[in-house]
1. Which residue pairs have Cβ atoms closer than 8 Å, lie 6 or more positions apart in sequence or on different chains, and pair a first residue in the range 177-193 that is over 24 Å from Q133 (Cα atoms) and touching a residue at least 12 places away in the same chain (Cβ under 8 Å) with a second residue that is assigned to a helix (DSSP H, G or I) and hydrophobic (A, V, I, L, M, F, W, C)?
2. Restricting attention to the range 140-183, and to residues there that are among the aromatic types (F, W, Y) and either farther than 18 Å from G198 by Cα or modelled with pLDDT under 95 (or both), which single residue is most open to solvent (accessible area, probe 1.4 Å)?
3. Give the range 229-238 a look and list any residue that's in a loop (DSSP other than H, G, I, E, B), surrounded by fewer than 24 Cβ atoms within 10 Å (Cβ to Cβ) and touching a residue at least 60 places away in the same chain (Cβ under 8 Å), or say none.
4. List, please: which pairs have Cβ atoms under 6 Å, are six or more places apart or on different chains, and start with a residue in the range 106-131 that is touching a residue at least 24 places away in the same chain (Cβ under 8 Å) and end with one that is among the charged types (D, E, K, R) and assigned to a helix (DSSP H, G or I)?
5. Collect the residues in the range 151-174 that are over 22 Å from the mean Cα position of the chain (by Cα) and in a loop (DSSP other than H, G, I, E, B), keeping them in residue-number order.
6. Please pick out the residue among W137, W100, W116, W200 that is surrounded by 14 or more Cβ atoms within 10 Å (Cβ to Cβ) and out of contact with any Leu (no Cβ under 8 Å at 6 or more places or on another chain).
7. Give the range 243-264 a look and list any residue that's part of a helix (DSSP H, G or I) and touching a Lys or Arg at 6+ places or on another chain (Cβ under 8 Å), or say none.
Amino acid sequence: MPLELTTSGALLVARQYRPPRVPTPLLVSHVEQLDPRHRFDVADAAALPWPDSSVDLAVTSPPYGLDVNYWGGDDPDYMAWLCKLEAWLAELYRVAQHAWGRLCLNVPLDRDRGGWQPVSADAIQVARSVGWQFRTWLLWDKLQAGSGTHRGSLDSAAAPNVTAPVESVLVFYRGTWYRSGPAAMPHHAWLELCGPRGLWHFPGTTDPTSPAPFREELPERCITVFSFPEDVVGDPFAGRGTTPAVAVRLGRIAWASDRDPTCVAAAREWVAREQSQRA
């Protein structure tokens, strides 16, 4: 019988041959051309240089502790990752607008690396422990289920393996959920995304310059539904800059941070391009 290799197994094999990520020099950006309300910081997400009560909406996807080749490395095990997550979420709670701050957190539904763990359920518990209030749980079907060859025990209930090929977008808030503001959401978006529309179907993406990018549609939906024009939208794991770029495209103020200076420079350049197109 031929050996079947699971997706997670293939990734583990591939990582043995992947060269270490070497940062490119910091890009020069024409900061003077940017709206001065935007900001870009090289910082750890557990120690942001952002003021208290300053961010209306955070849309972010932190490292997952799955041995991804991030700048500075990834967390070695699940418990270490949960400890980091607690620090990150506590810092996001500090900078969230105290009266109405919101958070859209993209994390895996679960994981099987080092034993099965309920990642999204644990993330909710961690978020609530640092003060966040839970609002809703969205499911993102990335349309990447494939054939699902790792089914566990053959034709047997001994140890079957059942995996849902989705990720979560967990929505939290600080203060009160209700906010007063203009009815600025496009009506088609309101029809498509609000109400019982918490199952999102669109593919993920890849980028050879970024270890874990996400598709523009993810922050676009979150920013459209959960923020008003001119709100401050922050992402402390900016990566290639998807969230801040989409925020500017939608008329929001972008705050981006990452511990990798190359990512911060890339985010600033993308925001500059978006702003020039809006001018």
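The values are calculated or read from the model by the stated rules, or taken from the named source; none is laboratory data. From a predicted model like this one, the values you see are computed outputs, not experimental measurements. Please note: Cβ atoms are built from the backbone with ideal geometry, for glycine as well, and neighbour counts cover all protein chains shown. In case anyone asks, the SASA skips ligands and DNA or RNA and just uses the protein heavy atoms, side chains included. Shrake-Rupley method; radii C 1.70, N 1.55, O 1.52, S 1.80 Å.
1. Correct list of pairs: A189/V225.
2. Per the stated criteria, the residue is Y178.
3. D231, F237
4. Sorted first by the residue in the range 106-131, then by its partner, the pairs are V126/E86.
5. R151, S153, L154, D155, S156, A157, A158, A159, N161, V162
6. Of W137, W100, W116, W200, the one residue that is surrounded by 14 or more Cβ atoms within 10 Å (Cβ to Cβ) and out of contact with any Leu (no Cβ under 8 Å at 6 or more places or on another chain) is W100.
7. A245, V248, R249, C263 - these are the residues of the range 243-264 that are part of a helix (DSSP H, G or I) and touching a Lys or Arg at 6+ places or on another chain (Cβ under 8 Å).
Here is a yes/no grid of residues against (1) among the hydrophobic types (A, V, I, L, M, F, W, C); (2) at pLDDT 90 or above:
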position: V55; (1), (2): yes, yes
position: A58; (1), (2): yes, yes
position: G72; (1), (2): no, no
position: L82; (1), (2): yes, yes
position: W88; (1), (2): yes, yes
position: R94; (1), (2): no, yes
